[in-house]
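Working notes, beginning with the structure itself.
What follows draws every value from the coordinates through simple rules; no lab data is involved. Keep in mind that what you see is a predicted model, and the values were worked out from it rather than measured. Neighbour counts run over all protein chains shown; Cβ positions are idealised from the backbone, glycine included.
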Amino acid sequence: MDDNYQTYLNRVARMTLPEAYKTQIQHIQESSKFYPTAEGTRQAAPFPGYTVITPPWEEQSQNSDFFAQLQDCQQQLLQILKDTNLIVPLPPGSFHLTLADLIWENAYLHAIEENPQFEENLRSCFAEIFQQYQESITSTQKPIHWQVLGFMIMPRAIGVSLVPANESSYQQIVNLRRVIYQNPKLIALGVEQQYHFTAHITLGYFGNISPTLNRETLCQKLSDLNLQWLENPPEINIHRAELRKFDDMVRYYRQPDWPSLDFE
């Protein structure tokens, strides 16, 4: 289901063009993952599930420069949109790259209701999946590096899109996803692939979308900000994948004995 290398590059590149922004910005919607409070702020709404991600920034010492640049990027974005409440920013410590969406919200709630051992079964399954992938890694396997390409506007969120530094970096992630989504035990648990892989790191979700929002100006400013990455794009080294649980969109956690995969 995932693209080949060149198709991925072409698709993601088109998503960061000014013309694409103009189309995408017309379809943004308020995210239900954050709700307004009486104090005028927004609170994370319950949204439980499981995912496979890189360790969040607050829990890793590697890639600190990369995430610090994303935090600066988030601040630039908020400065552009000051006084609009358009963006609900995510805590920078939670910044991560999702490698494989698994199960969430109603599907997850239904799964644990139908099968009291669902979470235990899921963790057991990933212990096998990560072991299977680990055994396929060769001594000549190259490090996995991905780079920021530009802002990515999604229907209910905004972030930065990533492209692989080379074909090997892309293929290794796609191979992992293939091992995950084709695992019979995981399929039996109700986990299936629903999206093509589009590597991105979410910076915030859309909140109050004012009818007076100047969408054209916003598109132009996003395009201008993208120029800062042309010559020296921030680069993340993907060294570890972890099975993590979330109760909402601001915290992703795990126990020390939960399955993980080291690429290096």
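Assigning unit charges at the beta carbon (Lys, Arg +1; Asp, Glu -1) and nothing else, what dipole magnitude in debye, to the nearest 20, does the chain show about its Cα centre?
Dipole about the Cα centre, nearest 20: 500 debye.
Kyte-Doolittle mean at least 1.0 and Cα extent at least 18 Å along the axis: which DSSP H helices of the chain qualify?
Correct list, ordered by number: empty.
Using a Gaussian network model on the chain with a 10 Å cutoff between Cα atoms, which of ASP101, ASP247, ASP65 fluctuates the most?
ASP65
Looking at GLY190, TRP229, GLN43, which one has the Cα that reaches farthest to the positive end of the dipole of the chain (charges on Cβ: Lys, Arg +1; Asp, Glu -1)?
TRP229
For the chain, what does -39500 (n - 2.57) per DSSP helix run (n ≥ 4), summed and divided by total residues, give at 222 nm, in deg cm²/dmol to the nearest 500? Let's see the in-between values first.
Values: 8 runs with 96 residues, N = 264.
One gets -11500 deg cm²/dmol as the mean residue ellipticity at 222 nm.
Counting only C-alpha contacts under 8 Å and six or more residues apart, can you give the relative contact order of the chain as a whole percent? Intermediate results must be reported in sequence, preceding the final value.
Details: 416 pairs, mean separation 89.5, N = 264.
Result for the chain is 34 percent.
Under 10 Å, Cα contacts only: if you run a Gaussian network model on the chain, which one of SER136, SER168, SER223 comes out with the highest mean-square fluctuation?
SER136
Given a cut-off of 25 Å, name the pairs among LYS33/LYS245; LYS185/LYS245; LYS82/LYS221; LYS82/LYS245 whose C-alpha atoms lie farther apart than that in the structure shown.
Checking Cα-Cα distances, LYS82/LYS245 exceed 25 Å.
Separation between the THR23 and LEU227 pseudo-spin-labels, each 7 Å from Cα along Cα→Cβ, expressed in nm?
With each label point 7 Å from Cα toward Cβ, the separation is 2.5 nm.
Put +1 on the Cβ of each Lys and Arg and -1 on the Cβ of each Asp and Glu in region 5-262; which of GLN220, LEU122, THR138 then has its Cα farthest toward the positive end of the dipole?
Checking the options against the dipole of region 5-262, the answer is GLN220.
Can you compute the FRET efficiency between GLU39 and ASP3 using 1/(1 + (r/R0)^6), with r the Cβ-Cβ distance and R0 = 51 Å? Round to the nearest 0.05.
0.70
Which is farthest toward the positive dipole end of the chain among GLY159, ILE112, SER64, measuring Cα position about the Cα centre, with Cβ charges +1 (Lys, Arg) and -1 (Asp, Glu)?
GLY159
Can you give the extra length, in nm with one decimal, that the chain gains between LEU78 and THR198 once fully stretched, where that is 0.36 nm per residue apart less the Cα-Cα distance? Present the calculation step by step, with values, prior to reporting the outcome.
Working: separation 120, 0.36 × 120 = 43.20 nm, distance 2.36 nm.
Length difference between fully extended and current span is 40.8 nm.
For a quick check of your reading of the filter: which chymotrypsin sites (Phe, Trp or Tyr not before Pro) in region 163-264 sit in a DSSP loop and have no more than 14 other Cβ atoms within 10 Å?
The qualifying sites are TYR195.
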